[in-house]
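Only one structure is covered here, and it is reproduced in the block below.
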Amino acid sequence: SSKNTLYSLNPDGSLKWRFDADKPSYPETASPAIGSRGTVYMSFWEDGLYALNPDDGSIKWKNSESAVSSPVVGADGTIYVIISRPNETGNLLLALNSDGTEKWTYSGVDRMIKPAVSGDGIIFAKGRHNPQGQYIIEFWAIKSNGTLKWKNTAVGYAYQSSPAIGADGTVYIATTKGLYALDSNDGSIKWYKENLCCSAPAIGSNGWLYYGTYDNVIYAFGE
């Protein structure tokens, strides 16, 4: 993506198609997601969330609410994106059906990290405001029906660092305090690496966790 344009490239690098939105995307929204049938989902901030045909970039549908995060797609085809809605305290996590209709919203999420979705449909996101509108620093697990499963108040502030989910369900999240491994069942801390900040962790095909830090070091964690 370049500002308000999304490009689709063939395997040889040649242009397949381009899509031009009316308004630009930003770093927090610039990562497209692809559904199981190839539909391309892309956020363009104030221009909303688009579902595009993978063959030619034509519009399947559009959600016009301000999409302030990149989208993610669950195993069941549900699309999740963080939106800004007038008269709401903070941002909302919006769950959409594959046809673009709304399933539910969950209020108070932070747009600075893209949510992650586990294979069983649990969404992991950072909390920023409680129902009373007070500022908080929490990490949340939200069920596929839009209700809270658990919250962790100890991990600290995650900034532009999306969670990663291991094959055993362990959730890895980087914050200004360090790198955390959380139990996906209850949010308890399995282990913690202090003062390692603050990229998004990645998991390789071998199950190892890879993580870069501000001091220009890449760490690998595994058995």
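FYI, it's all coordinate maths here, none of it is from the lab. Keep in mind it's a predicted model, so treat the numbers as computed, not measured. Counting neighbours? That spans all protein chains shown, and the Cβs are built from the backbone with ideal geometry, glycine included.
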Ranked Glu102, Glu88, criterion: other C-beta atoms within 10 Å, fewest first: Glu102, Glu88
Lys114, Lys126, Lys151 arranged by Cβ crowding within 10 Å, fewest neighbours leading: Lys151, Lys114, Lys126
Computed over region 84-205: relative contact order in percent, which uses C-alpha pairs under 8 Å that are six or more apart: 16 percent
Exposure proxy order (Cβ contacts within 10 Å, fewest to most) of Glu46, Glu138: Glu46, Glu138
Inter-part distance where region 50-87 and region 134-195 are each reduced to a Cα centre, Å: 24 Å
The chain: most fluctuating residue of Phe124, Phe44, Phe19 per GNM, C-alpha cutoff 10 Å: Phe19
10 Å-binned pair-distance histogram of region 90-223 (Cα, whole percent): 12, 44, 32, 10, 1
Counting all C-alpha pairs of region 139-179, share separated by more than 17 Å (%): 37 percent
For region 1-153, size of Cβ-based charge dipole, Lys and Arg +1, Asp and Glu -1, in debye: 320 debye
Of Lys62/Lys103; Lys62/Lys151; Lys23/Lys177, those spanning more than 25 Å from alpha-carbon to alpha-carbon: Lys62/Lys151; Lys23/Lys177
Kirkwood hydrodynamic radius of region 1-153, from inverse mean 1/r over distinct Cα pairs, in Å: 15.7 Å
Scattering curve values for region 158-223, log₁₀ I(q)/I(0), Debye with Cα scatterers, q = 0.22 Å⁻¹: -0.88
Rel. contact order, % - alpha carbon contacts under 8 angstrom, at least six apart, region 62-105: 29 percent
